[in-house]
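Asker: Dropping a structure here in structure tokens format, bear with me for questions.
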Amino acid sequence: MAKNNKLKIAIYWAASCGGCDVAVVEIGHNLLKLKEAADILFWPAAMDFKYSDVEAMPDKHIDVCLFNGSVRTSENEHIAKLLRAKSKVMVAFGSCAYEGCIPGLANLYNRGDILTRVYQETPSTENPDGVIPQPHCKVPEGDLDLPEFYESVKPVGMVVPVEYSVPGCPPVASQVWGVLEAIIAGKLPPVGAVLGAGDRNLCEECERVRDGTKVKQFVRPHEVIADPKKCFLEQGIVCSGPATRAGCGRPCIRVGMPCRGCYGPPEGVKDQGAKLLSAIMAVIDPEADVEQLVSQIVDPVGTLYRFSLSDSLLQQIKWQEAEKK
Amino acid sequence: MTQTTKIRIDPITRLEGHGSINIFLDKAGKVVKTYFQIPELRGFEKFCEGRPVEEMPRITQRICGVCPTAHHMAAIKAADAVYHVDPPPTAKKIREMMYNFFFVADHATHFYILGGPDFVVGPDAPPAERNIFGVIAKVGLDIGSKVIQALQDTHEAVAIIGGRYINPVGTLPGGVSKPISEEERARLEQIARGCVEFGQLSLKLFEDIVLKNKQYVAMIKSDAFTHRTYYMGLVDEQNRTNFYDGKVRVVDPDGKEFVKYGPNEYLQHIAERVEPWTYLKFPYLKNVGWKGFVDGKDSGVYRATPLSRCNAADGMATPLAQAHYERFYHALGGKPVHATLATHWARLIELLYSGERALELACDPEITSTNIRTIPTATPDEGVGIVEAPRGTLTHHYITDERGLLRKVNLVVGTTNNHAPICMSVQKAAQGVIQPGKPVTQGLLNQVEMAFRAYDPCFGCATHAMPGQMPLTIKLHDEDGRLITVLSRDENGRVTTRNAEEL
């Protein structure tokens, strides 16, 4: 426990890939400044961490908890609740915690589908007895436990209340440091704000030329040699820029790849997919056969909601319907 | 006195989540069995169904934020195969160049931040010093700043080609999205020259600090850290190591070629076992068979690590790395080397190779060609892409419909290859240090850590970054599952023991 008045920070990963932790490490020399300004009470990617230590803390002992990863297992949920109780400010850090990210596409399938595919159906798996990993398991020497694999992926904000969110898969290093500086300086905006990003959409700062060209056909990125100076969408290549919050610096677009929306929806937009769909509709040639054009967008749900399915209105409706049943 | 005791080390951090080790002791206090569990699953093999195959390089890289570039490359090679498209030579070279810069960055991270501090700072040093800052203190600020510079530069190189270091983009079925300008090429060449120097510096450091220390060498060669297994690695046409392309070669515990297979043949040679106590599967050689967690020629357990790649190849394709490769086998008594801890040395030889290979490619007159795309024309159907990830051979297998939307996905991931050997190494290390009547100490924690750290920083992703603590708690339970003792290590590396009553 810290014996001084330094800021107390915690960084935790739930169901995540580690990229958000690497993103924190990517602040480089600023890590030393962070160490000077704050005590990092725990950071399992980088420091000693014991659940019992957190359990022993008084409530609200941690000033700011940066929580990355979504909630997929009973262990993730347990820790999210524990950290919520122990933290004054909880930040959903990175796309998984904020909106479910790409692993949230697993919500298109149920738990049983996933377990069957992974452990029984994959062609390299030899599993004549149909074994599936179990929360409790007896081995000859004793008992072993595994966390329960839940039915769906949830952003952490759906499991416990969070004060702020930081978008990005992962958040870019300069933005991460900006967020940490604001935390250190005690200059956080009103609760509910999205930190470490702009308010508007990516197109507002994109250097690609938009000349009002209307789309007569949608194509996939590998099917054409795109003009590197022109707007992707006006070339008929789906780009999530119009429905994505600015702040990443457009690294993907700069190397000739369309945005896929990892920074989530811009300020004031709840459903990123619906917003992107309306942006797509707006560029379609009015004389074209809209139905045919839209059918050229393959995998609409996985494209429009690549990073935000778990946090979408679509998902809410699905869960509400499941509850009614 | 209880009949059996379970020791649980939890969490030991990362492989797609956390890990835990359970050690069961018999009534005499001897280790009967250890279980290494991965308590997390995300299900990419299911939810990628329905996605367009050209998006897989951008989707599957979210499997691991430490080695996203490896998934990016395996995915794009599988997507090429699905579309039966052969990218122009420059596109392949650009991909391979990005991949080799990534390898330098990744291997450097492991040696200087994750696993290497055990040696550089010393296995007996306080854990609080076994981290990057401890490394800098040991090697001096001059070399330390070169390490930080090398990491920054290689991250920049990957970003020049792929937009960003974590989750790069820029590959498409049939090629890459952006050519390399002359200005970029010159910067990449400069960075690559730095990588070659850095590789040599790292090997010199290893020689001075590790190889000149008899105690370290004895530890590397000791039985506690040895397993005689099969070894796997990707090789080119002359059986030299290649990370981006080639055939998978497997040698037996005597070093003889057991099989060499192309990506499309992987299902004839690799099978995966499921155990109910962990979410991670156990790959093994199908034609040898699963005989349990044992080594030797009759067991299908194989390893896929930097050491394995050296064992599976006949040599390295670049001159400086080849010279070190020869020295490596000369010093360790010929091929194959079974010493798990020699993986650290092999990793540095690979780091040097990556630097040399990146430099070759950055100087290749074709690298700035703008002929970087072949538009796919064939009907997509099925394809397998294999690359070497830093942590082992990585296989992506896709089956699509006629529009290129995925119907089936199968993934055999880098570290997964080593799941069984890691279990075995952890067990052997535990058996070596836990003796009846001898208290369980820091030594256990350290040696058990070292056993798996040699394989894979994915377990310890940034574990040592700051301030260098491996998060470890050992819980001893009695046969009814009651907690007897908790052994834990504080941030200064002190080990404390608390009895159940104190908790």
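The values are calculated or read from the model by the stated rules, or taken from the named source; none is laboratory data. Bear in mind that the values here come from a model prediction, so they are computed numbers and not experimental data. Heads up, the Cβs are rebuilt from the backbone with ideal geometry, glycines too, and the neighbour counts pull from every protein chain shown.
Asker: In contact with a strand residue (DSSP E or B) (Cβ under 6 Å, 6 or more places away or on another chain) and modelled with pLDDT under 95: is that true of B:K260 in this structure?
Answerer: Numbers: in contact with a strand residue (DSSP E or B) (Cβ under 6 Å, 6 or more places away or on another chain): yes; modelled with pLDDT under 95: no.
Criteria not met by B:K260.
Asker: Hey, among A:V156, A:V179, A:V194, which residue is within 30 Å of B:W277 (Cβ to Cβ) and buried (at least 18 other Cβ atoms within 10 Å of the Cβ)?
Answerer: The match here is A:V156.
Asker: Among A:C239, A:C206, A:C231, which is in the same structural domain as A:S308 (by TED's automatic domain parsing) and in contact with a Pro (Cβ under 9 Å, 6 or more places away or on another chain)?
Answerer: Values: A:C206 fails: in contact with a Pro (Cβ under 9 Å, 6 or more places away or on another chain); A:C231 fails: in contact with a Pro (Cβ under 9 Å, 6 or more places away or on another chain).
The unique qualifying residue is A:C239.
Asker: Which strands (runs of 3 or more DSSP E) sit wholly inside segment B:216-261 and have at least 2 residues that are out of contact with any helix residue (DSSP H, G or I) (no Cβ under 8 Å at 6 or more places or on another chain) and surrounded by fewer than 23 Cβ atoms within 10 Å (Cβ to Cβ)?
Answerer: Ranges flagged: B:257-261.
Asker: In addition: Does segment A:280-289 contain any residue that is in contact with a strand residue (DSSP E or B) (Cβ under 9 Å, 6 or more places away or on another chain) and closer than 25 Å to B:C48 by Cα?
Answerer: For segment A:280-289, residues in contact with a strand residue (DSSP E or B) (Cβ under 9 Å, 6 or more places away or on another chain) and closer than 25 Å to B:C48 by Cα: present.
Asker: Here are some residues: B:D245, B:D314, B:D254. Which one is more than 14 Å from chain A (Cβ to nearest Cβ), closer than 30 Å to A:V118 by Cα and acidic (D, E)? Give the derivation first.
Answerer: Working: B:D314 fails: closer than 30 Å to A:V118 by Cα; B:D254 fails: closer than 30 Å to A:V118 by Cα.
None of the others qualify; the one that does is B:D245.
Asker: Taking segment B:158-187, which residues are touching a strand residue (DSSP E or B) at 6+ places or on another chain (Cβ under 9 Å) and assigned to a helix (DSSP H, G or I)?
Answerer: B:I161, B:G162
Asker: Select, from A:V64, A:V71, A:V89, the only residue that is part of a strand (DSSP E or B), closer than 17 Å to B:R42 by Cβ, within 23 Å of the chain's Cα centre (by Cα) and at pLDDT 85 or above.
Answerer: The unique qualifying residue is A:V71.
Asker: Among the residues of segment B:38-71, what is the count of those that are touching a Phe, Trp or Tyr at 6+ places or on another chain (Cβ under 8 Å), facing chain A (nearest Cβ under 7 Å) and closer than 12 Å to B:A389 by Cβ?
Answerer: Adding up the residues that qualify gives 1.
Asker: Let me ask something else. Would you tally the residues in segment B:156-206 being touching a Gly at 6+ places or on another chain (Cβ under 7 Å), within 7 Å of chain A (Cβ to nearest Cβ) and not aliphatic (A, V, I, L, M)?
Answerer: Number satisfying all stated conditions: 6.
Asker: Of the residues that make up segment B:188-198, is at least one among the basic types (K, R), surrounded by 15 or more Cβ atoms within 10 Å (Cβ to Cβ) and assigned to a loop (DSSP other than H, G, I, E, B)?
Answerer: Within segment B:188-198 (the criterion being among the basic types (K, R), surrounded by 15 or more Cβ atoms within 10 Å (Cβ to Cβ) and assigned to a loop (DSSP other than H, G, I, E, B)), the answer is no, since none of the residues qualifies.
Asker: So, one more: Give me the residue from segment B:1-43 that is among the basic types (K, R) and either crowded, with 24+ Cβ neighbours inside 10 Å or within 24 Å of the chain's Cα centre (by Cα) (or both) and, out of that set, modelled with the lowest pLDDT. Explain how you work it out, then say what you get.
Answerer: Taking segment B:1-43 first, the residues among the basic types (K, R) are B:6, B:8, B:14, B:27, B:30, B:33, B:42.
From what's left, either crowded, with 24+ Cβ neighbours inside 10 Å or within 24 Å of the chain's Cα centre (by Cα) (or both): B:14, B:42.
On the way: B:R14: 31, B:R42: 86.
Among residues in segment B:1-43 that are among the basic types (K, R) and either crowded, with 24+ Cβ neighbours inside 10 Å or within 24 Å of the chain's Cα centre (by Cα) (or both), the one modelled with the lowest pLDDT is B:R14.
Asker: Of (1) in the same structural domain as A:S165 (by TED's automatic domain parsing); (2) free of Cβ contacts under 8 Å to residues at least 40 places away in the same chain, A:L115 satisfies all except one. Which?
Answerer: (1)
Asker: Restrict the check to segment B:62-75 and report whether at least one residue is buried (at least 24 other Cβ atoms within 10 Å of the Cβ), over 20 Å from the mean Cα position of the chain (by Cα) and more than 30 Å from B:E449 (Cα to Cα).
Answerer: For segment B:62-75, residues buried (at least 24 other Cβ atoms within 10 Å of the Cβ), over 20 Å from the mean Cα position of the chain (by Cα) and more than 30 Å from B:E449 (Cα to Cα): absent.
Asker: A further question follows. Taking segment A:96-148 as the search range and keeping residues that are of a type in the set (D, E, K, R) and assigned to a helix (DSSP H, G or I), which one is farthest from B:I399 (Cα to Cα)?
Answerer: A:E99
Asker: So, restricting to helices (runs of 4 or more DSSP H) that lie completely within segment B:277-371, which ones have at least 3 residues that are touching a His at 6+ places or on another chain (Cβ under 6 Å)?
Answerer: Output list reads B:343-362.
Asker: Hey, does segment B:377-391 have a residue that's of a type outside the set (A, V, I, L, M, F, W, C) and modelled with pLDDT under 95?
Answerer: Quick first cut of segment B:377-391, residues of a type outside the set (A, V, I, L, M, F, W, C) only: B:377, B:379-383, B:385, B:388, B:390-391.
If we keep only those that are modelled with pLDDT under 95 as well, we get B:390-391.
So far as segment B:377-391 goes, yes, one or more of its residues are of a type outside the set (A, V, I, L, M, F, W, C) and modelled with pLDDT under 95.
Asker: Exactly one of these conditions fails for A:V118: (1) of a type in the set (A, V, I, L, M, F, W, C); (2) over 30 Å from A:P58 (Cα atoms); (3) under 13 Å from the mean Cα position of the chain (by Cα). Give me its number.
Answerer: Among (1) of a type in the set (A, V, I, L, M, F, W, C); (2) over 30 Å from A:P58 (Cα atoms); (3) under 13 Å from the mean Cα position of the chain (by Cα), A:V118 violates only (3).
Asker: If I filter segment B:44-59 down to residues being of a type in the set (D, E) and closer than 12 Å to A:A106 by Cα, which single residue comes out as modelled with the highest pLDDT?
Answerer: First, the residues of segment B:44-59 that are of a type in the set (D, E): B:45, B:49, B:54-55.
Imposing the further condition that a residue be closer than 12 Å to A:A106 by Cα reduces the set to B:45, B:49.
Details: B:E45: 94, B:E49: 98.
It comes out as B:E49.
Asker: Which of (1) within 18 Å of A:C101 (Cβ to Cβ); (2) in contact with a strand residue (DSSP E or B) (Cβ under 7 Å, 6 or more places away or on another chain) does A:A193 not meet, given it meets every other one?
Answerer: (1)
Asker: Test A:A106 against the stated conditions and say whether it is within 16 Å of the chain's Cα centre (by Cα), within 11 Å of chain B (Cβ to nearest Cβ), aliphatic (A, V, I, L, M) and farther than 18 Å from A:V24 by Cα.
Answerer: yes
Asker: Residue by residue through segment B:389-407, note down the ones that are assigned to a strand (DSSP E or B) and more than 25 Å from A:M257 (Cα to Cα).
Answerer: Answer for segment B:389-407, where residues must be assigned to a strand (DSSP E or B) and more than 25 Å from A:M257 (Cα to Cα): B:G392, B:T393.
Asker: Mind telling me which of the residues A:M57, A:M1 ends up being over 25 Å from the mean Cα position of the chain (by Cα), farther than 24 Å from B:Q149 by Cα and either β-branched (V, I, T) or modelled with pLDDT of 90 or more (or both)? Don't jump to the end; show me each part of the working.
Answerer: Details: A:M1 fails: either β-branched (V, I, T) or modelled with pLDDT of 90 or more (or both).
The unique qualifying residue is A:M57.
Asker: Sticking with this one: Only one of these conditions is not met by B:L151: (1) within 12 Å of chain A (Cβ to nearest Cβ); (2) within 30 Å of A:V224 (Cβ to Cβ); (3) part of a helix (DSSP H, G or I). Which number is it?
Answerer: (2)
Asker: While we're on this one: Suppose we keep only residues that are small (G, A, S) and in contact with a helix residue (DSSP H, G or I) (Cβ under 7 Å, 6 or more places away or on another chain) within segment B:399-421. Which one would you say is nearest to the other protein chains (Cβ to nearest Cβ)?
Answerer: So the residue we want is B:G404.
Asker: Moving to a separate point now. Could you please give the count of residues in segment A:86-126 that are closer than 30 Å to A:L195 by Cβ, out of contact with any helix residue (DSSP H, G or I) (no Cβ under 7 Å at 6 or more places or on another chain) and surrounded by fewer than 21 Cβ atoms within 10 Å (Cβ to Cβ)?
Answerer: Residues in segment A:86-126 being closer than 30 Å to A:L195 by Cβ, out of contact with any helix residue (DSSP H, G or I) (no Cβ under 7 Å at 6 or more places or on another chain) and surrounded by fewer than 21 Cβ atoms within 10 Å (Cβ to Cβ): 2 in total.
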